[in-house]
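Trainee: Got a structure here, written out as structure tokens. Questions coming.
Taken together, the values in this text are just the output of simple stated rules run on the coordinates, not laboratory data. Predicted, not measured: the structure shown is a model, and the values here were computed from it. Because the Cβ atoms are built from the backbone with ideal geometry, glycine has one as well, and the counts that use them run over all protein chains shown.
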Amino acid sequence: MKKVLAIILGGGAGTRLYPLTKLRAKPAVPVAGKYRLIDIPVSNCINSEIFKIYVLTQFNSASLNRHIARTYSFSGFTEGFVEVLAAQQTPENQTWFQGTADAVRQYIQLFEDWDVDEYLILSGDHLYRMDYRQFVQRHRDTQADITLSVLPIDERRASDFGLMKIDNSGRVVDFSEKPKGEALTKMAVDTTILGLTPELAQQQPYIASMGIYIFKKDVLLHLLKESLERTDFGKEIIPDAAKDYNLQAYLFDDYWEDIGTIEAFYNANLALTKQPQPPFSFYDEQAPIYTRARYLPPSKMLDCQIAESMVGEGCILKNCRIQHSVLGVRSRVEAGSVVEDTLIMGSDYYQAFAERNYSLETGKVPIGIGQNSIIRRAIVDKNARIGHDVKIINKDNVQEANREQQGFYIRSGIVVVLKNATIPNETII
């Protein structure tokens, strides 16, 4: 794997994940109580013995830079690194990244200098565990110019993805980006050629691209240099290359979730609490997910009821009830409060005892969730201050709302409390 260079696409402004992306890049969004989205592809690379990793981003990259600098430090005796490349202006290019392919094109001279055979292009907002060694081996065995990681999919979700048709050898012969109606029907194939049973093939008659690609070095360089108008891999570069290059499909038959929207992000996090077996597990010792070591104390739970939940390190929970929820590091929940079906991201720091007491004495709201509050079906971003006797329950069943001045948004019926927001005592949402 020394001959593979990984390039992780950090995505654009993250508008679908807003307001979680208001103050951070999409790959820096916290997940599962203690990780960040970027930890998923980086950990997959490390577990696959790929140690040369670039992350491309252009929005709010300060926290992403900080996280990567504190987390991924390889020995000076290796070529390994994880480095963020932010959009920049050069004499040749005066614009920001115009798409996934354009992002790679703008740093092509840097990537070209590496003595590698393949470029592994990854996305920064997917939740999955993959051994890229098998992916690379399939690419080499089929002498492919480009290999796409694919998964079989049902009709309900098919129009959200780039779909393809393949022949009996696995070569991609047709490609359509997010087709609908009749164009979607035309992309149905017999997925038994991927190894599915006839029953499964009937339920999942489409082959979807995961947005994960391997390019031969010279092929990618040629495709990016020959036409500067092509700015996106999924919509332009790869469909246009299907005619002249050997495009192969690699079947990935494990859990994979694109968590690019608030609803998908919320569902993927809470699915981690499922019993007996969650769809994705952070407990695989053979392929761990790495993140920043914080050296926090154990969580303290005083007379609490906790069920179907994950609780990060350093939390303080007092006489409260937590049901089907994920609590991030340094979360604090006071007595009498109820948290149900909720993702609480926790806090970046502990509030000093004296400062906390002063806030309570003067009627201000300290960090954490105050006494006798109820939070249901919500995402509470970091460092939020939620007062006592607050009810975050979406009482009017609103599906979409922008209440930035009040410190929250509603997306798909999920209340999202902003980072650093204050929800005053006795507020009802």
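Trainee: Under a crude label model (7 Å from the Cα following the beta-carbon direction), how far is Ala401 from Tyr349 in nanometres?
Mentor: Reported label-point gap for Ala401 and Tyr349 is 3.2 nm.
Trainee: Next question, about the same structure. With contacts defined as alpha carbon pairs under 8 Å and 6 or more residues apart, what's the relative contact order of segment 147-266 in percent?
Mentor: 38
Trainee: Right, something else. Exposure proxy check: Met130, Met187 ranked by fewest other beta carbons within 10 Å?
Mentor: Met187, Met130
Trainee: Please compute the modelled spin-label separation between Lys318 and Asp240, points set 7 Å along Cα→Cβ, answer in nm with one decimal.
Mentor: Reported label-point gap for Asp240 and Lys318 is 6.3 nm.
Trainee: Got the relative contact order for the chain handy, in percent, Cα pairs under 8 Å and 6 or more residues apart?
Mentor: 14
Trainee: Continuing with this model, one more query. Give the peptides 251-257, 276-282, 159-165 in descending order of average Cβ contacts within 10 Å, highest first.
Mentor: With the highest mean Cβ count within 10 Å placed first, the list reads 159-165, 251-257, 276-282.
Trainee: Okay, moving on. Is it possible to state the helix-based mean residue ellipticity at 222 nm for the chain, with each DSSP H run of 4+ residues giving -39500 (n - 2.57), the sum divided by total residues, to the nearest 500 deg cm²/dmol? What is it?
Mentor: -5500 deg cm²/dmol
Trainee: On a C-alpha basis, how far is the centre of segment 362-418 from the centre of segment 143-221 in Å? Whole number, if you could?
Mentor: When both Cα centres are located, 41 Å separates them.
Trainee: Ranking Val417, Val219, Val390 by Cβ neighbours within 10 Å, fewest first, what do you get?
Mentor: Val219, Val390, Val417
Trainee: Tell me, what is the Rg over Rh of segment 1-61, with Rh the Kirkwood radius over Cα pairs?
Mentor: Answer for segment 1-61: 1.02.
Trainee: How big is the dipole moment of segment 341-424 about its Cα centre under a simple scheme where the beta carbon of each Lys and Arg is +1, that of each Asp and Glu is -1, and everything else is neutral? Debye, nearest 20, please.
Mentor: For this selection, approximately 100 debye.
Trainee: While we're looking at this one, here's another question. Assign one of three labels to segment 93-197, namely rounded, prolate or oblate, based on the Cα gyration tensor with a ≥ b ≥ c the square roots of its eigenvalues; rounded applies when a/c is under 1.5, prolate when it is not and a/b is larger than b/c, and oblate otherwise.
Mentor: oblate
Trainee: Suppose the chain between Gln202 and Gln134 were pulled fully straight at 0.36 nm per residue; how much longer would it get relative to their current alpha carbon spacing?
Mentor: Computed gain between Gln202 and Gln134 is 21.8 nm.
Trainee: Turning to a different aspect of this structure: Tell me which of Gly181, Ser61, Thr231 sits at the most positive position along the dipole axis of the chain, charges placed on C-beta atoms (Lys, Arg +1; Asp, Glu -1).
Mentor: My answer, from the dipole projection, is Ser61.
Trainee: Give me the percent relative contact order of segment 319-429, please, defined on Cα pairs under 8 angstrom at least 6 residues apart.
Mentor: Relative contact order, segment 319-429: 23 percent.
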